Amino acid sequence: MLEIKNLSFSAQGRKILDDINLTIPDGKLICLTGPNGGGKTTLAKMIAGVEKPDEGQILLDGLDLVPLDPTERAKAGVGYAFQQPVRFKGITVRDMLNMAAGKTLSEEELANVLREVGLEAGEYIDRGVGTHLSGGEIKRIEIATVLLRRSRLAVFDEP
Ligand SMILES: Nc1ncnc2c1ncn2[C@@H]1O[C@H](COP(=O)(O)OP(=O)(O)OP(=O)(O)O)[C@@H](O)[C@H]1O
Ligand SMILES: [Mg+2]
């Protein structure tokens with residue numbers, strides 16, 4: 001269970017998140033909607049640890065994530081896919097999926113995870129992730145990396 005309690009964040013003198021309270025139970029898919037500039041990405045970054053709140057708590061199964069850096073949060077079970085995925089240069093789709101899984105995946109495992117995100121392995125597996133993939137393609141591959149991590153909590157910013 002994720003519990004967000006009294007979360008506030010200001011930047012450049014503007015209050016971006018104002019006393020947010022939210023509980024996300026286990027096993028649920030929750031969609032957060034709102035206008036452009038409404039604070040959705042900011043809230044997602046607070047959960048992943050990319051930004052820190054001014055006030056409030058973010059409890060994952062009772063553990064407060066706020067003092068933890070993004071790596072520690074990932075280890076605690078938080079997965080995160082950016083609104084604009086990072087395009088790492090010099091590595092292939094295969095490299096990126098293996099890295100996410102923390103092991104060398106078989107051809108079958110690679111094909112299965114790509115199929116889960118609607119991509120044909122043969123077409124993508126040895127392509128570089130740094131260039132030439134379309135916005136939707138790199139997005140799907142990033143979602144595959146989050147699925148492979150089998151996180152307790154996965155946050156997808158505009159999947
Ligand atoms: N570090 C920052 N410094 C100043 N302003 C910021 C900062 N981070 C976010 N903002 C502002 O906070 C507001 C919320 O931004 P955020 O990216 O969270 O919105 P969003 O709901 O994800 O929007 P969108 O639907 O366009 O993705 C925006 O007005 C943005 O310009
Ligand atoms: Mg956003």
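The values are calculated or read from the model by the stated rules, or taken from the named source; none is laboratory data. Note that the structure is a prediction, hence the values are computed from the model and not measured. So basically every Cβ, Gly included, is an ideal-geometry build from the backbone, and we count neighbours across all protein chains shown. The protein model used for the area step is the full one, side chains on, heavy atoms only, and it has no ligands, DNA or RNA in it. Shrake-Rupley method; radii C 1.70, N 1.55, O 1.52, S 1.80 Å.
Sequence gap at least 6, Cα distance under 8 Å: using those rules, report the relative contact order of the range 1-67 to the nearest whole percent.
Here the relative contact order equals 40 percent.
Taking loop as defined by DSSP and a crowding limit of 16 other beta carbons within 10 Å, which GluC sites (Glu not before Pro) in the range 79-148 fit?
120
Please give the FRET efficiency for residue 69 paired with residue 29, using the beta carbon to beta carbon distance and R0 = 22 Å, rounded to the nearest 0.05.
Efficiency computed from Cβ-Cβ geometry: 0.25.
With Cβ to Cβ distances under 14 Å as the rule, what net charge do the other residues near residue 57 carry (K, R +1; D, E -1)? Each step should come with its number before you reach the end.
On the way: positive: 5, 52, 73; negative: 3, 19, 54, 55, 61, 64.
Once all neighbours under 14 Å are counted, the net charge is -3.
Leaving out ligands and nucleic acids, note down the accessible area per residue over the chain with a 1.4 angstrom probe, in whole Å².
Details: 9200 Å² over 159 residues.
Counting only protein heavy atoms, the per-residue value for the chain is 58 Å².
For the range 1-76, with equal point scatterers placed on the C-alpha atoms only and solvent neglected, what are the log10 I(q)/I(0) values from the Debye formula at q = 0.17, 0.23, 0.24 1/Å, to two decimals?
For the range 1-76 at q = 0.17, 0.23, 0.24 Å⁻¹, log10 I(q)/I(0) is -0.64, -1.15, -1.24.
Before rounding to the nearest 500, sum -39500 (n - 2.57) across all DSSP H runs of length at least 4 in the chain and divide by the residue total; then give [θ] at 222 nm in deg cm²/dmol.
-9500 deg cm²/dmol
On the accessible surface of the chain, probed at 1.4 Å, how many percent belong to carbon and sulfur atoms?
Reported share for carbon and sulfur atoms: 50 percent.
I'd like the distance between the alpha-carbon centres of the range 65-132 and the range 21-40, rounded to an integer number of Å.
So the two Cα centres are separated by 23 Å.
Any chance you could look up the accessible area of residue 5 with a 1.4 Å probe, heavy atoms only, rounded to 10 Å²?
That residue has around 80 Å² of solvent-accessible surface.
Non-local amide H neighbours of residue 66 (under 5 Å, H modeled in plane, Pro and chain starts lacking H): which ones?
58
Using only alpha carbons, build the gyration tensor for the chain and give me the equivalent ellipsoid semi-axes, biggest first, whole Å.
Semi-axis lengths for the chain are 31, 17, 14 Å.
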